């Protein structure tokens, strides 16, 4: 069965279920009269079966987003109506967020490649040509990084007021990067691609340069603790932007406005999760990363542990509850 035949065969069911959901969510009687409390569970299971078939047959992402949104909203209305906001947030991070990342694994991997490949290339490049950093960064900024990660600065602690101030600074800076990666999707994904590659180049050049000139221990000791949350947060914000861009570039049989509507909810979910990760990264960066008393080996070991923990979370959390 082609996708067009599949959609023609089931469009009436999906449309009726959408109307019923809209009525329940708005507490109105806008739902289809043919859908009763007795028939709704069966319709919901049918929609879930359609979603599984569409995934198996590799239909377009626009159709998958529509059916996935129907399944998620149907589950929320049928089984989560009495759940409070705190429980909903907890459920999102317990299983909804990692499920969302896996469901959109294609754009997540694309976003990761756009960021990490330039990052790694530039780290290696700077080992052979440290002056290459001046091609992407003015000399005064390079000097600031040299001073920031010098051995004398690394042994100076900060007081609590400075930690709070820097926490706010890191939140603002990291959210700016995430927003650029996400909002760039509205430019048919071009903006997202640009910001992911740009940040990969900049971060890679700084990391490679500082390592090459002998400040590697100070630099890696500082960034290791928060890097997993910060960098994966940026990648997921980029994935959300790419999802928006794909809806505009390849809407399928839908109008661009309709495709954008169906892509918006998972994209916002990805971006919301990314923003939370950015908040956590800024907290670690503000209060843990600068402390001078923790040994370098301990900081790096903790950082590696957090990378492993996050990867396990995204790969396995929520699998028992997957639709």
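The values are calculated or read from the model by the stated rules, or taken from the named source; none is laboratory data. Values in this document were obtained by computation on a predicted structure and should not be read as measured data. Methodologically, a virtual Cβ is constructed for each residue, glycine included, from the backbone with ideal geometry; neighbour enumeration extends over all protein chains shown.
Return the total of residues in the range 220-232 being in a helix (DSSP H, G or I) and buried (at least 19 other Cβ atoms within 10 Å of the Cβ). Steps first, answer last, please.
If we filter the range 220-232 for residues that are in a helix (DSSP H, G or I), which is where we start, we get 220-223, 227-232.
Retained after the next criterion (residues that are buried (at least 19 other Cβ atoms within 10 Å of the Cβ)): 221-223, 227-232.
Adding up the residues that qualify gives 9.
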Identity of the residue in the range 34-69, within 30 Å of residue 245 (Cα to Cα), over 26 Å from the mean Cα position of the chain (by Cα) and crowded, with 18+ Cβ neighbours inside 10 Å, that ends up modelled with the lowest pLDDT: 44
Does the range 295-310 contain at least one residue that is touching a helix residue (DSSP H, G or I) at 6+ places or on another chain (Cβ under 8 Å), closer than 29 Å to residue 191 by Cα and in a helix (DSSP H, G or I)? yes
Please verify whether the range 236-255 includes one or more residues that are free of Cβ contacts under 8 Å to residues at least 24 places away in the same chain, surrounded by fewer than 23 Cβ atoms within 10 Å (Cβ to Cβ), out of contact with any strand residue (DSSP E or B) (no Cβ under 9 Å at 6 or more places or on another chain) and over 25 Å from residue 277 (Cβ atoms). yes
If you check residue 133 against the conditions, is it at pLDDT 90 or above and part of a helix (DSSP H, G or I)? yes
